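The values are calculated or read from the model by the stated rules, or taken from the named source; none is laboratory data. All of these numbers come straight from a predicted model, not from anything done at the bench. Every residue, glycine among them, receives a Cβ derived from its backbone with ideal geometry; neighbour counts consider all protein chains shown.
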Amino acid sequence: MLHYLLKTNFRHKLILCMTLFLVTSAGLRAETKASSEDEVKTCMRKATAFMMDKVSINGGFVSSYLSDFSRRWGELEAYPSMIWIDGPTPAMANVLLDAYLATEDEYYYRQACRVADALIAAQLPCGGWNYTFDFAGEESLKQWYATVGKNAWGVSEYNYYYGNATFDDQNTYRPANFFLRIYLLKKDPRHKEVMERAIDFFLKSQYPNGGWPQRYPLRYDFPAKDGSPDYSSFITLNDGVMEKNIDFMLRCYYLLDDERCLSAARKGMDCLLSLQQAPPTAGWALQYNLDLQPAKARDYEPASVCVSTTSGTVMLMMEYYRLTGEKKFMQGIPAALRFLDEVAFCDSMLQLIERSEEKVGRSSENGKLCPRMVVPGSSFTPLFLHRRGSHIVNGDYYIDQNPLNTIAHYSSFCTINTDVLRSRYEDLLNLPAEEISRNSPLLHPELREPLLQQFLYNKRPEGMRRFLYIDQTRPVQEVLASLNEEGYWPTPLVLTTNPYIGEGSADDPVPELYEETMKHPFNTQFYRSENPPLGISVNAYVQHMGVLIQYLLGQKENSNEN
């Protein structure tokens, strides 16, 4: 080639030299890219091996661990034999599938199957899941509930052992979604069986009117201190129970063509529509009794119309309108918007709150500060949440119209932007009829096929996290550098608990300030640590793996474009 170059004219020499330069540069870039990808994959493999081989219990997880594993936590402190379904175990399952799809490395699929095995063990005979599962057996779990759970003041969902499944906190929704996802990926019959049991659970637990209870099979065993009935059978909107159940039923219809699920979804949407209250408080509640009236749940969840739930449900009504093209979902929105406009705090209340030390936010151009809950049918009478005491034996919640010294773990306040809601509503009204449902997979079957890829690649809007298509070069380097020698990303464990040491006494002092009610030795509820130790966090693993997975997918996209 050198001999040929000497005999060509200058123009040809220049072209050939530039070609050689570009080929060499491309080779160097490819080598650098390969080196970077190898480094990323090595980091991912090391972190995953640590989590699966040293942290997991039979493939399952709690949320966080001290580095020496002497203590561990789900939503409360856990026994070494326990895993948490409410969050960490489904999150690990999904991120391992994400890693498999990004790397095409069967190792990650095998690890996802290990997590699936833990979720299979935890699936109850009814087909749903409880918050937690104990591999040591039911007696060990009952002992945990009778000690740690019973004395967690403020999280009454753990104060009693129901023995049934729950929809609260998307607890059954998340593992059910995972099994739908892993089954559709490779069609493993074992995963199909679990998925079908979960779908049947959603179907059989739905009330004839379309609502879903918080827990199922139905139990009525634990009335509140004030004698109000056990709330676990009530129709529940709180924490997205109705919304997510409808969402899962629609997804099963789209991806499995299961007509039963479409019927359940439609009944659920109609039920939500019927639960709107009459003016002036024309919103939605957190939960309802079977007479479709707002009902009390936990001691700090009074029978009320919930302002934040109303705002979210207005958005849902608009979504259902686009999905179905049916105007009935729009009819209650004007009354709901008037309620949201009028419920906002007046100037005198805002001044009182701002003069206090309450950390509740404030009205701004992004929205108006409102009470989170109001008395149904009232002239917007707010309900503010308080507590006094030091532990579950001598502690009480109470509710009044005083906005000061409210509890922090369940806010009495929210900020609502009715201008945004109204603008979206009016935009929808002004759309031509043929535009309303143009992108509806319910009305246009040809749109369902792309949903499968979006679902498998975890890009669905309701996914546990969204991929962010931004330049992540710097975060990738930080993620690689921050993995320690053992194979995990050390994380400050900000939330902690007191270990269970027994029950308190009714004679113990009763503090008035909320902050003084949190850390009593007999209270096993979470509180914020002033000097958090570094430890192992499932959330840190999921987030860091997400950055690395996104980097690899970005490299794939660049390769395909070139």
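List pairs: first residue in the stretch 484-506 and more than 30 Å from Lys46 (Cβ to Cβ), second residue assigned to a loop (DSSP other than H, G, I, E, B) and of a type in the set (A, V, I, L, M) anywhere in the structure, Cβ distance under 7 angstrom, at least six positions apart or on different chains. If the second residue must be assigned to a loop (DSSP other than H, G, I, E, B) and of a type in the set (A, V, I, L, M), the pairs left are Thr497/Leu76; Glu503/Val393; Gly504/Val393; Ser505/Val393; Ala506/Val393.
Taking the listed residues Ala278, Ala336, the one that is in a loop (DSSP other than H, G, I, E, B) and of a type outside the set (Ser, Thr, Tyr) is Ala278, with no other qualifying. Flag set for Leu101, criterion: of a type in the set (A, V, I, L, M), surrounded by fewer than 22 Cβ atoms within 10 Å (Cβ to Cβ) and more than 29 Å from Tyr500 (Cβ to Cβ).
Within the set Val40, Val115, the sole residue that is within 21 Å of Glu193 (Cβ to Cβ), modelled with pLDDT of 95 or more, β-branched (Val, Ile, Thr) and in contact with a helix residue (DSSP H, G or I) (Cβ under 8 Å, 6 or more places away or on another chain) turns out to be Val115.
Quick one: would you say Asn177 is at pLDDT 95 or above, closer than 23 Å to Thr236 by Cα and buried (at least 23 other Cβ atoms within 10 Å of the Cβ)? Answer is yes for this residue. Remark: pairs (first residue in the stretch 429-440, in contact (Cβ under 8 Å) with a residue 12 or more places away in the chain; second residue surrounded by 11 or more Cβ atoms within 10 Å (Cβ to Cβ) and assigned to a loop (DSSP other than H, G, I, E, B); Cβ separation under 9 Å; 6+ apart in sequence or on different chains) = Leu429/Met330; Ala433/Gly325; Ile436/Gly325; Ser437/Gly325; Ser437/Leu443; Ser437/His444; Ser440/Gly325.
Residue count for the stretch 282-304 under the criterion of being crowded, with 24+ Cβ neighbours inside 10 Å and within 19 Å of Tyr425 (Cβ to Cβ): the result is 2. Among the candidates Ser411, Ser348, Ser378, the residue that is outside any helix (DSSP H, G or I), more than 30 Å from Ala506 (Cα to Cα) and either in contact with a Gly (Cβ under 6 Å, 6 or more places away or on another chain) or of a type in the set (S, T, N, Q) (or both) is uniquely Ser378. Determine if the stretch 120-132 includes at least one residue that is over 16 Å from Asn458 (Cβ atoms), among the hydroxyl-bearing types (Ser, Thr, Tyr) and assigned to a strand (DSSP E or B). Yes, that holds for at least one residue. Within the stretch 508-527, the set of residues being farther than 22 Å from Asn159 by Cβ and outside any loop (DSSP other than H, G, I, E, B) comprises Glu515 only.
The residues in the stretch 199-246 that are within 20 Å of Val305 (Cα to Cα), part of a loop (DSSP other than H, G, I, E, B) and charged (D, E, K, R) can be counted, and the count is 1.
Total residues in the stretch 122-155 satisfying the condition of being farther than 16 Å from Gly74 by Cβ and not basic (Lys, Arg): the figure is 11.
Taking (1) at pLDDT 95 or above; (2) in contact with a helix residue (DSSP H, G or I) (Cβ under 7 Å, 6 or more places away or on another chain) in turn, Lys54 satisfies each apart from (2).
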